[in-house]
């Protein structure tokens, strides 16, 4: 006989949850070096997933085939950038070692010269002590420069390894995206799966807006840089603008990397029309790039990313500073979407705490109800009577005090509805001066008639009716 397992108590559940959270925190801390590449892989998969969806929906490719095609094109485009640094590491190492040996040999030759006493005006100077100090200092400097260069070369090779890891992780994330989403939705507690799915959809929209904003920012930087380079006569302005737009996806270091070739071009080729030496033209180009960076950081970045994520520019600036202090370059890049994600989750928690619907659409204010026919007729008649009264008082050259007093003390006209339909209405108004006026309302337009005009209008209507009957 099978016995049902006892239910866990509340304290047991809490203990298990705390233990699992502690283990997850320890694992993340222990393998924290893998977190940045995984985050980049998630972003890459997020960008490429719509392309795979397009190939599957429109061209009816299988999910695996669509993913393979997308990543095949991506790998072919990045193959040169991925293979060249790895194959160049041995040659870079040999070149650095050779330069280091040559410099040390030159220092030794200079030392042999300084070991001999120098005679000036019958006095001999012993420079061996000076040589020993200079030799030790130069040797330390050369060794540190060589080691730093080798460290950079090996870091490039390591970066190529992480690039392969990122591509592989992104490939499986795109290939199994639908399955991963289903498994995530199934983890939600019963009764909250619909909330979880809608919350996930809102967060997805946040990150889509972020990527669109980042693309728009890169396009803006490419345009501004191209125009600025053309304005000062810098060669290859289009290529430099394109480089600035692409490097915008690398926060902090990207603008500096984009500035280096521009300054070198200015230093070696100069301007095509400005009467400046190459050195001062290079200084001008460097200053121009610094100004563009200030515009990008203080004006474009908060406004473009802030508007795409519906965030205030000040909050975006604060988030970038905090993200940079916590997670470096990657934290600065992801500060805005993370802040927007926290806002979505915070709104959900706030609504649940106060028993509100977190996904309720904002209520639109209903337009004020249209006043009734009798009220509209009375208002129209009052306006007509006020106009006639003011015109009459102007003709009689009365004072402004008398005019205001008469307008305020006027009696309301007596309104009588003659006919009314869905689109038309007719009423007559008995004015205080015992004159009767007639009013025809056609939708939003009201036509006013005196008695003689109204009788003529009725005669015209009668003639139209007779013609229609005769026809």
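Quick notes
- The listed residue being over 25 Å from residue 50 (Cβ atoms) and assigned to a helix (DSSP H, G or I), out of 246, 206, 285: 285
- For residue 266, the test of being more than 30 Å from residue 212 (Cβ to Cβ), surrounded by 16 or more Cβ atoms within 10 Å (Cβ to Cβ), out of contact with any strand residue (DSSP E or B) (no Cβ under 8 Å at 6 or more places or on another chain) and free of Cβ contacts under 8 Å to residues at least 24 places away in the same chain is failed.
- Out of 251, 358, sole residue that is in contact with a helix residue (DSSP H, G or I) (Cβ under 6 Å, 6 or more places away or on another chain), in a loop (DSSP other than H, G, I, E, B) and modelled with pLDDT under 85: 251
- Which listed residue, of 163, 221, 184, 211, is free of Cβ contacts under 8 Å to residues at least 24 places away in the same chain and out of contact with any strand residue (DSSP E or B) (no Cβ under 7 Å at 6 or more places or on another chain): 184
- Candidate set from region 221-242 (those that are more than 23 Å from residue 280 (Cβ to Cβ) and either surrounded by 20 or more Cβ atoms within 10 Å (Cβ to Cβ) or modelled with pLDDT of 90 or more (or both)); member that is nearest to the chain's Cα centre (by Cα): 221
- Hits in region 294-308 - residues which are surrounded by fewer than 17 Cβ atoms within 10 Å (Cβ to Cβ) and either touching a helix residue (DSSP H, G or I) at 6+ places or on another chain (Cβ under 7 Å) or modelled with pLDDT of 80 or more (or both): 294, 295, 298, 299, 303
- Residue check for residue 311: buried (at least 17 other Cβ atoms within 10 Å of the Cβ), modelled with pLDDT under 65 and more than 30 Å from residue 268 (Cβ to Cβ): no
The values are calculated or read from the model by the stated rules, or taken from the named source; none is laboratory data. Given the structure is predicted, the values throughout are model-derived calculations rather than measurements. Please note: Cβ atoms are built from the backbone with ideal geometry, for glycine as well, and neighbour counts cover all protein chains shown.
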